[in-house]
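The values are calculated or read from the model by the stated rules, or taken from the named source; none is laboratory data. Keep in mind that what you see is a predicted model, and the values were worked out from it rather than measured. Reconstructed Cβ throughout: ideal geometry from the backbone, glycine too, with neighbour counts over all protein chains shown. For the accessible areas, the whole protein counts, side chains as well, though only heavy atoms, and no ligand, DNA or RNA atoms are used. Shrake-Rupley method; radii C 1.70, N 1.55, O 1.52, S 1.80 Å.
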Amino acid sequence: GEHLGSINKVKLLGTGNFESVEATALFIIAGEPFMKNSDVTKIRVYPTLFTELTVNPINQIEGQEFTIVLTIKNPSEINVTNVNVNLDIPSEIRIIEGSLELIGENLNANSDIIKTAKVIVDSSNIVSVEKPNVEFQYGDKILKGTSNSLVISINDNIHKLCILWSSIN
């Protein structure tokens with residue numbers, strides 16, 4: 001730092017073990033030399049929780065059931081508590097079974113939670129699900145995780161179109 005005893009702030013961009021190095025400052029006060037060594041600090045940075053949204057099967061057809069899968073992963077070596085995932089489902093998507101809601105769960109080290117919901121979209125469309133908001137608690141700190149958004153392409157139901165076309169003719 002610029003001053004004796006100053007605190008430096010850093011932003012670590014990845015996971016792993018980090019260690020500060022020892023430094024020595026030499027002061028001459030009233031003609032007398034003084035030396036002061038800094039402390040060495042060791043830091044372990046763990047990967048954060050993340051969520052992944054997927055659909056099954058890959059191709060969706062209007063009016064037919066498919067599944068949205070929400071996976072919350074804890075790739076770290078620590079247990080976390082009070083895991084909350086807030087997911088806004090667009091109005092085009094009707095949940096007919098299951099839930100993608102997660103409130104106040106605990107998540108052990110190197111484990112995951114999987115939530116599924118059977119859904120239907122009634123018309124061909126491209127539906128976008130915004131990335132979920134992920135929060136969790138470690139000790140007394142509330143932390144944020146990461147997530148991905150999901151774009152679902154709903155195809156026309158060809159069978160329905162053929163029946164409609166034959167009934168018109």
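So, by mean Cβ neighbours within 10 angstrom, what's the order for 34-43, 117-126 with the highest one leading?
Values: 34-43: 9.5, 117-126: 15.5.
Per-residue mean Cβ counts within 10 Å order the peptides as 117-126, 34-43.
Using only the alpha-carbon atoms, what does the range 22-169 span along each of its principal axes? Please give whole angstrom values in decreasing order.
106, 28, 21
Is there a pair in K36/K144; K36/K141; K42/K144; K118/K141 whose C-alpha atoms are over 32 Å apart, and which pairs would that be?
Beyond 32 Å: K36/K144; K36/K141; K118/K141.
Given a cut-off of under 8 Å on Cα pairs at least six residues apart, what relative contact order in percent is computed for the range 68-141?
46
In the range 29-169, what percent of the accessible surface is made up of carbon and sulfur (1.4 Å probe, ligands and nucleic acids excluded)?
51
I'd like to check one number: the per residue accessible area of the range 91-138, probe 1.4 Å, reported in Å² as a whole number.
Working: 2850 Å² over 48 residues.
Value for the range 91-138: 59 Å² per residue.
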